[in-house]
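Reading through the structure tokens given below for one structure.
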Amino acid sequence: MSDKIVSLEEAVREIQNGDIVFIGGVLDSRVPMAAIYEMIRQGKKDLIGLSILALEDPAVGAGCISAFIGCYAWLGAFGKAPCIARKYENGELIIEDLGHNDSLLIYMSAFGLSSVASNYSIGSDLLNLKYSKLDKIREIARNKEKIPKVKYAKIEDPFFGGERVLLPTIKPDVAVIHVQQVGTEGTCRIFGVEGVDTLAAFAADKVIVTAEEIVPEDYLREDPNRNSIPCTQVDMIVEVPWGAHPSVVSHYYDLDIEFIIDYVKRASTQEDLEEWLEEWVFSVENHEGYLNKLGIERLESLRAVKGYGFRPRTWLRR
Amino acid sequence: MTEAVKAEEYTPLEAAVVYVARELKKYDGRSVITGIGLPVVASLLAKRLYAPKLKINIESGSFDIQLPEIPISLFGPRISYKCSAQLNNLHSLAGTARGDYDIGFIGGAQVDKYGNVNSTVIGDYLGGHKRLAGSGGAVDIGCFTNTIIIMPHRKERIVNFVDYITTPGWKCRKPFSDEIVDRQELGLPGGPIMIVTNLCIMRFDKESKEAYVDTIFPGVSKETIISNTGFDIDLSRARTGEPIQKIEIETLRKEVDPLNIYRLR
């Protein structure tokens, strides 16, 4: 068995305060929630999030994430993210705004590039440098040289003429990605929406994979075209069934809508959030405790139906 | 089976969805890039009634999606279910620059008379302000694609000029400056073609690039539109929309969104 397989606690210990952290999945899909709860238990500080900040909200409320470079900080159909809104208003969360493509093109560091020409934000105030917060974000970064000196630069295009916008790339210190299946050597198989997890896994210095299940490497290698991340990129593997709850994991389980609605209500003040954290993160001690608290009935009600990849809303309802 | 429904028998949001679906008729066989909420409901209604060959795409890397149920997550399995190919987000969203999409949808907190949309901050970014969701894929779509903007019709949301240009309309920001310039000067293709609210449809004057009221939903008065618009709105070209048909409301309620996921009614 590979020595990459570790406990969730060990894996999350690899994340250092002030790290630039890529958190995998997108918005409310395949978000590594078990790892995020463990970051809260370990009291991480000054992490810098990237691209999209959504169900990571409790980690913002707990003070783990204090900066964000990306395009979207909200809970999608669930509306305002309570802790993101509160911490931003108090000046405890710094946000650098980008468009969606640019918030993904920053991972072109995966190809060894320090910048790319991007024309995805022309005409927008996103290109107005007076709004940039990179200097403030650099102050909290552990590896200060990884935060670009400016948000964008204007250059003359020597090849085709005209002006171009250069976007600097960013190299995450660590990527934490939740996948459906990981082989014992680290090969990952993702079902459904990928986000840009593959690109980010190539960009990050260190890659932690949490997975619904660890499967034999050979099983995944029978169909290598279906695999998303090669074992060579993966440093640590943790088996965490239901490890993205309450987000949705294609082919495994559906979004826990009631859980998220309840969270949004209860996280609206810092005092209430602390009560929520005590109930769902600290008092349960670990992921097994969290699952026990959720209970088998609730988890089974979310389980995806084979052939769909999700649980149809009227499935088996009488 | 043409049978008109009285205005009191449907909600303003249902009317908005129906008028958008009718607009999509001209895009049958072509590609739309959409998000969750009203746009996805309107696209599905259009596919049932007016544009059966409409190709619906999402910035989640999902091409020609089928939507077996109304999705809540833009990045979940209801989106990737039986789509043509599930690649990464860049594959689909960078398609805007390739010109792959014939029409796109934009939402936000404010739209101004030039069709600029703000989904970043309300107030002064460098002073007192309230933070919103951020661009998401809006800027990437709005820079290159013809767009339909969807906005609740309220004075503070349909404004003279947005507090922050997240997505450029017809008069937008010159890069690396505070200057406002014509969209064409920046070489941007596409641009907003209409704003759909719960009261009316606005389009943009070819010369002035300003929004004017094109279609008023049945049962809505001009005074209601004037008092809910944050600038002097031109109503001289306004006509009342074709009545909503029974089949449109029934298809929407019984087939497209039977569980009323987005609280349209």
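Read the figures in this text as sums done on the coordinates, not as results from a lab. Because the structure is predicted, anything quoted here is derived from the model rather than measured. Positions of Cβ are backbone-derived with ideal geometry, glycine not excepted, and every protein chain shown enters the neighbour counts.
Observations on the structure shown:
- Inter-part distance where region B:134-172 and region A:167-220 are each reduced to a Cα centre, Å: 35
- Relative exposure of B:H129, A:H251, A:H287, A:H178, judged by other C-beta atoms within 10 Å (fewest first): B:H129, A:H251, A:H287, A:H178
- Region A:96-114 and region A:223-286: distance between their alpha carbon centers, rounded to Å: 25
- Take the Cβ atoms of A:R142 and B:E8, set R0 to 45 Å, and the FRET efficiency comes out at 0.15.
- Shown here: the protein assembly as shown, whose C-alpha atoms stretch 74, 63, 49 Å along the first, second and third principal axes, sorted largest to smallest.
- Note on B:K53: lysines with a C-alpha under 17 Å away, same-chain residues under 8 apart excluded, are B:K25, B:K26, B:K82.
- DSSP finds beta bridges in region B:7-255, and of those with both partners inside it, around 50 percent are antiparallel.
- Cα gyration tensor category, rounded, prolate or oblate, for region A:189-318 with a/c compared to 1.5: oblate
- Pairs spanning more than 31 Å between alpha-carbon atoms, out of A:K45/B:K171; A:K87/B:K209; A:K151/B:K171: A:K45/B:K171; A:K87/B:K209.
- If the chain linking B:K155 and B:E179 were pulled fully straight, counting 0.36 nm for each residue of separation and taking away their Cα-Cα distance, it would gain 6.1 nm.
- Hits among lysines - C-alpha to C-alpha of B:K155 under 16 Å, sequence gap 8 or more where chains match: B:K113, B:K222
- Value of relative contact order over chain A, rounded to a whole percent, pairs C-alpha under 8 Å and six or more apart: 20
- Overall shape: prolate for region A:120-253, with the ratio a/c of the largest to smallest alpha carbon gyration tensor axis at 1.5 or above and a/b above b/c.
- The calculated FRET efficiency for A:K133 paired with B:K254, based on their beta-carbon distance and R0 = 60 Å, is about 0.75.
- Order of B:K246, A:K149, B:K113, B:K171 under a 10 Å beta carbon neighbour criterion, fewest first: A:K149, B:K246, B:K171, B:K113
- Degrees, to the nearest 10: A:257-266 long Cα axis against longest axis of chain A: 70
- Candidate aspartates and glutamates for bridging to A:K171, where Cα separation is under 18 Å - those fewer than 8 sequence places away on the same chain excluded: A:E14, A:D19, A:D46, A:E96, A:D97, A:D102, A:D135, A:E139, A:E145, A:D197, A:D205, A:D235
- Taking each residue as 0.36 nm, the span from B:D124 to B:K222 lengthens on full extension beyond its C-alpha to C-alpha distance by 32.1 nm.
- Relative pair counts by distance (%), Cα atoms of region A:1-52, 10 Å bins: 22, 52, 23, 2
- Region B:70-101 and region B:188-265: distance between their alpha carbon centers, rounded to Å: 27
- Chain B shape via C-alpha gyration tensor axes, a/c threshold 1.5: oblate
- Spin-label pair A:S268/A:A153, simplified geometry with 7 Å Cα→Cβ offset, distance in nm: 4.8
- Net charge of the neighbourhood of B:G137, taken over other residues with C-beta under 13 Å away and scored Lys/Arg +1, Asp/Glu -1, is -3.
- Counted by Cβ distance under 12 Å from A:R41, the other residues give a net charge of -2, where Lys and Arg count +1 and Asp and Glu count -1.
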